[in-house]
Amino acid sequence: MVAPTPPVRKAPQQERSRLMVEKILTAGREVLLRDGYDAASTNKVAKQAGISPGSLYQYFADKDAVVDAVVAKYADELSDRVAASLTDQLGGPDDSLIHATLHALLDALEENEAFLRVFVDELPRTRNHERLAGVEQRVSDLMAAYLAARRGDVRDVPPSRAAWIVVRAIEQLTVRYVLDRPPMSRDELVAEVDAMVTAYLQS
C-alpha cells in the first residue's frame with residue numbers, strides 16, 4: 001500500500017511549531033464539527049485557532065490539507081486504540097479477541113461520534129481512503145497473527161483472508177450501529193456480531 005502524502009507543508013521541528021500545528025488541527029476539527037466540510041475554510045480555521053491565515057499557510061497549503069491532517073490524527077488515534085486492545089488479548093482465551101475488538105472499536109467510535117458522522121457522511125471518500133485503509137490493514141495484520149496461532153481451531157483458510165473479512169465486517173457493523181442507533185443494546189450487538197464471526201471462523 002502506498003503511504004498517504006503527508007498533509008503538513010512544513011514539518012514542525014521546534015516545540016512552538018508543534019504547538020501551532022496542534023492548535024490548527026484542533027481548530028480544524030472544531031470547524032468541521034460546527035460548519036461541516038463544504039462550509040469549512042482556511043479563514044474559519046485560522047479564526048478559530050486565533051491566528052492569521054498567513055500563519056496557517058506556513059504549515060498547510062489549503063483547506064483539504066488541514067482536513068487531511070485532522071483525519072490522519074483521528075485515524076492514528078483509532079488505530080492505536082484498537083491495536084492496543086488486540087495486542088493485549090493475543091495470548092488470552094479464544095473467545096476474548098472478538099469481544100475486545102468490538103468493545104475497543106465501539107468505545108473509540110462513540111467517543112468521537114460527531115466527527116465520525118462528518119467523516120462518513122461529508123468528507124470525500126477518495127481523499128481519506130488511504131487513511132482508513134491504513135487502520136484496517138494494521139488491525140487485519142494483528143487479527144491474522146491471532147488466527148495463524150490458532151490454525152487448528154478455525155476454518156482452513158489463509159489467516160490474512162479471514163482477517164480481512166472479519167475486520168471489515170466488524171468495522172461496517174460498528175460504524176453503522178453508532179451512526180444509525182438501531183433498536184438493540186450495545187451488548188446485544190456485540191453478542192450478535194460475535195456469534196456471526198465465530199460461526200464464520202469455525203464453519
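Restricting attention to segment 98-121, does a residue exist that is free of Cβ contacts under 8 Å to residues at least 40 places away in the same chain, touching a Leu at 6+ places or on another chain (Cβ under 7 Å), under 26 Å from Arg18 (Cβ atoms) and in the same structural domain as Met143 (by TED's automatic domain parsing)?
Yes, the conditions are met somewhere in segment 98-121.
State the number of residues belonging to segment 14-43 that are touching an Asp or Glu at 6+ places or on another chain (Cβ under 9 Å) and surrounded by fewer than 19 Cβ atoms within 10 Å (Cβ to Cβ).
4
The values are calculated or read from the model by the stated rules, or taken from the named source; none is laboratory data. Since this is a predicted model, take the numbers as computed values, not measurements. Please note: Cβ atoms are built from the backbone with ideal geometry, for glycine as well, and neighbour counts cover all protein chains shown.
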